[in-house]
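*Asks:* First, the structure itself, so that you have it in front of you.
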Amino acid sequence: RSVYSLARYRDLRGEWRVSVDIERDGRVTVRHDKWEQAADASPLAFFKFRWCLALTFDARVASMLAATVSVVDFAFGPRTEPEQERRVRALLRPWLAPGVPYQHVWASLDPALKPRRM
């Protein structure tokens, strides 16, 4: 089942970025970075996450060499219920980009590194 079917979310207005990078070897990578937030307006259910779709093409942009989609960040509100946070973390876990879980662990150990809560 999809994340959306188990924890409905919606677009976070104005938070969709597209970038195009041309590597030294000519490869072209197109990235879509987009924030989503809980569809439920209750502060007790709040969560948000940012996903990234990266498409890498050859220098002529004739062949796709790679495609990845992953969750690169997430956050909860100060009043988000612990059960909601646990459930959303579990749903996002298979989609997390490498390093994202470690960022959140380090942040729990050092308040200066704590992810932003909304």
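*Asks:* Quick check on T80: is it polar (S, T, N, Q), part of a strand (DSSP E or B) and either without any contact (Cβ under 8 Å) to a residue 12 or more places away in the chain or buried (at least 16 other Cβ atoms within 10 Å of the Cβ) (or both)?
*Replies:* Judged against the criteria, T80 is not a match.
*Asks:* Then there is this: Considering L91, L55, L65, which residue is of a type outside the set (S, T, N, Q), surrounded by 11 or more Cβ atoms within 10 Å (Cβ to Cβ), modelled with pLDDT of 95 or more and not in a strand (DSSP E or B)?
*Replies:* So the residue among L91, L55, L65 that is of a type outside the set (S, T, N, Q), surrounded by 11 or more Cβ atoms within 10 Å (Cβ to Cβ), modelled with pLDDT of 95 or more and not in a strand (DSSP E or B) is L91.
*Asks:* Looking at the stretch 2-14, is at least one residue aliphatic (A, V, I, L, M), at pLDDT 95 or above and assigned to a strand (DSSP E or B)?
*Replies:* No: the stretch 2-14 contains no residue that is aliphatic (A, V, I, L, M), at pLDDT 95 or above and assigned to a strand (DSSP E or B).
*Asks:* Quick one: which residue in V61, V18, V69 is within 17 Å of A97 (Cα to Cα) and among the aliphatic types (A, V, I, L, M)?
*Replies:* V69
*Asks:* So which residues in the stretch 26-52 are surrounded by 19 or more Cβ atoms within 10 Å (Cβ to Cβ), aliphatic (A, V, I, L, M) and under 19 Å from W95 (Cβ atoms)?
*Replies:* Listed by number, the list holds a single entry, A38.
*Asks:* Suppose we filter the stretch 1-18 for residues that are under 16 Å from the mean Cα position of the chain (by Cα) and either surrounded by 11 or more Cβ atoms within 10 Å (Cβ to Cβ) or closer than 19 Å to V88 by Cβ (or both); how many remain?
*Replies:* 12
The values are calculated or read from the model by the stated rules, or taken from the named source; none is laboratory data. All of these numbers come straight from a predicted model, not from anything done at the bench. Positions of Cβ are generated from backbone atoms using ideal geometry, with glycine treated the same way; all protein chains shown enter the neighbour counts.
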